[in-house]
1. Taking the condition of being touching a residue at least 24 places away in the same chain (Cβ under 8 Å) and over 10 Å from the mean Cα position of the chain (by Cα), how many residues in the range 121-135 meet it?
2. In this structure, is LEU85 surrounded by 23 or more Cβ atoms within 10 Å (Cβ to Cβ), within 19 Å of ARG29 (Cβ to Cβ) and not aromatic (Phe, Trp, Tyr)?
3. Looking at the range 68-88, I want the residues that are within 14 Å of ALA58 (Cβ to Cβ) and have a partner that is among the hydroxyl-bearing types (Ser, Thr, Tyr) and at pLDDT 95 or above with Cβ atoms under 7 Å, at least 6 apart or on another chain. Which pairs are those?
4. Checking the conditions here, which among LEU57, LEU64, LEU41 is closer than 17 Å to GLU27 by Cα and surrounded by 17 or more Cβ atoms within 10 Å (Cβ to Cβ)?
5. On the given criteria, is ILE36 within 18 Å of ALA122 (Cα to Cα), part of a loop (DSSP other than H, G, I, E, B) and at pLDDT 95 or above?
6. Mind checking which residues of the range 82-130 are touching a helix residue (DSSP H, G or I) at 6+ places or on another chain (Cβ under 7 Å), outside any helix (DSSP H, G or I) and among the small types (Gly, Ala, Ser)?
7. Every residue in the range 16-43 that is touching a residue at least 40 places away in the same chain (Cβ under 8 Å) and within 15 Å of ALA108 (Cα to Cα), please.
8. Of these, ARG97, ARG165, which one is closer than 19 Å to ASP67 by Cα and modelled with pLDDT of 95 or more?
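The values are calculated or read from the model by the stated rules, or taken from the named source; none is laboratory data. On a predicted model such as this, the values are computed, not experimentally measured, just so you know. Every residue, glycine as well, gets a Cβ built from its backbone with ideal geometry; the counts of neighbours run over all protein chains shown.
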Amino acid sequence: MSAATHQPGPEDARESLSEHVAARGAEIRAKYGPEIGWSQLQAMLADRGCVRYPCELAFDAGPLLPDECAFPVPLGGRPEDGFRLCVHPYFSVDPSRVPLLALYQIVAINYGAFASPDDAEAFGSAVLGMPREEYYEALCSMADEISTSRFMETGPESEGCGCARTN
């Protein structure tokens, strides 16, 4: 198939979204960075240019799955009704780390089911100005900190990212 007759497909849409979220992340970093801490996160959550729908942050493990660090809970049947971004209370003692968790979830708020974990990593790392692999490793380390199943199954010396295992 020649380039002139190329029809856009799902792969093109996926690549386009990935590029878009990384570019948006860089724009947000330019506006709120270079350091992204608690106060910058609060400003971003209130800025509809950053977070498309109303969003409040709460330290609440109630809606989280076991070993889950954060999750955006819809407040109604439509995205316009807003979200409650629940973050595991364990992280409330160090608010400087909360932006890492929240940025990953903002992609789901802004783009819904179209967003992939890769998109979330691209966005979060762009906002924070850190290499994507370093961002991913930081998220995994944070997940491991609250992972009771990892500790119970493998002992305290285990390495990993707190993801579900396929045994």
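1. Total satisfying the criteria: 5.
2. no
3. Taking only residues 6 or more apart or on different chains, the pairs are GLY82/TYR53; PHE83/TYR53.
4. Just one listed residue meets the conditions, LEU41.
5. Spelling it out, ILE36 is indeed within 18 Å of ALA122 (Cα to Cα), part of a loop (DSSP other than H, G, I, E, B) and at pLDDT 95 or above.
6. Hits for the range 82-130 are ALA115, GLY129.
7. Selection gives LEU17, SER18, VAL21, ALA22, ARG24, GLY25.
8. Every option except ARG97 fails the conditions.
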